[in-house]
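Below is one structure, written out as structure tokens; the observations come after it.
The values are calculated or read from the model by the stated rules, or taken from the named source; none is laboratory data. The structure presented is a predicted model; accordingly, all values stated were derived computationally and were not measured. Cβ atoms come from the backbone with ideal geometry, glycine included; neighbour counts cover every protein chain shown. We work out accessible area using only protein heavy atoms, side chains counted, and drop any ligands, DNA or RNA first. Shrake-Rupley method; radii C 1.70, N 1.55, O 1.52, S 1.80 Å.
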Amino acid sequence: MNNIISVIRGDITKQVVEAIVNAANTSLRGGGGVDGAIHRAAGPQLLQECITLKGCPTGEARITRGYQLPAEWVIHTVGPIWRGGKAGEDERLRDCYIHCFEIVREKKIRSIAFPSVSTGAYRFPLERAVRIAITVTKECIAQCPHLEKVMFVCFDETTYEWYQHIVSEK
Ligand code: APR
């Protein structure tokens, strides 16, 4: 099952998969980083739909259409802001991936691309975040028999190298 996981360097807004994951904030009204890129690529209808959702708590996920994106769906998840590691950040980041895969199961989504949630503006330590992302993903894909492809789309070389390294660990 783990052979459905791949790691690439690139721009998540260009990925031709059924769903891409957005590293959003609790307002779900867009922002910088990958959130900004996804909203720019999807067009204004994405924000219009997001506004109807009335926000999203940290660790949870919400699904919208992808509009002008190649992806049919955007799964918005809100990662934890790093506050030193003693405020439940690990658990909240785990929750992000768990809730994204819950939606994958419900919607029978066959292919999904993730960015590196929380490791940009939210300052979550990279190796620690990647270990959580990969560990939880491997746990969750076992419950998603219909799932054919899980991509981690890394925007910079350091992130790419960490994902490659940890995905290939036994
Ligand atoms: N494709 C893939 N990854 C991207 C892209 C892109 N087009 N643009 C940025 N990234 C990467 C960043 O380089 C980083 O590795 O996404 C990762 C997550 O960084 P952020 O986008 O800053 O997300 P995060 O750390 O979760 O902070 C979320 O930032 O943009 C705001 O509205 C957002 O308030 C929220 C906060």
Could you tell me whether any residue of the stretch 56-63 is more than 14 Å from Ala19 (Cβ to Cβ) and among the polar types (S, T, N, Q)? yes
Taking the condition out of contact with any Gly (no Cβ under 9 Å at 6 or more places or on another chain), away from the ligand (no atom under 15 Å from the Cβ) and not β-branched (Val, Ile, Thr), does Gly31 pass? no
Just name the residue that is most open to solvent (accessible area, probe 1.4 Å) out of those in the stretch 1-30 that are closer than 14 Å to Leu69 by Cβ and of a type in the set (S, T, N, Q). Gln15
Could you check how many residues of the stretch 1-25 are within 8 Å of the ligand (Cβ to nearest atom) and either in a loop (DSSP other than H, G, I, E, B) or of a type in the set (Phe, Trp, Tyr) (or both)? 3
Restricting to the stretch 147-168, count the residues that are assigned to a loop (DSSP other than H, G, I, E, B) and either aliphatic (A, V, I, L, M) or touching a Phe, Trp or Tyr at 6+ places or on another chain (Cβ under 9 Å) (or both). 1
Please work out which residue is nearest to the ligand (Cβ to nearest atom), limiting yourself to the stretch 157-170 and to residues that are exposed (fewer than 13 other Cβ atoms within 10 Å of the Cβ) and of a type in the set (D, E, K, R). Glu157
Condition broken by Lys54, with the remaining ones in (1) touching a strand residue (DSSP E or B) at 6+ places or on another chain (Cβ under 8 Å); (2) away from the ligand (no atom under 15 Å from the Cβ); (3) charged (D, E, K, R) satisfied: (1)
Residue check for Pro80: closer than 21 Å to Phe152 by Cβ and not small (Gly, Ala, Ser): yes
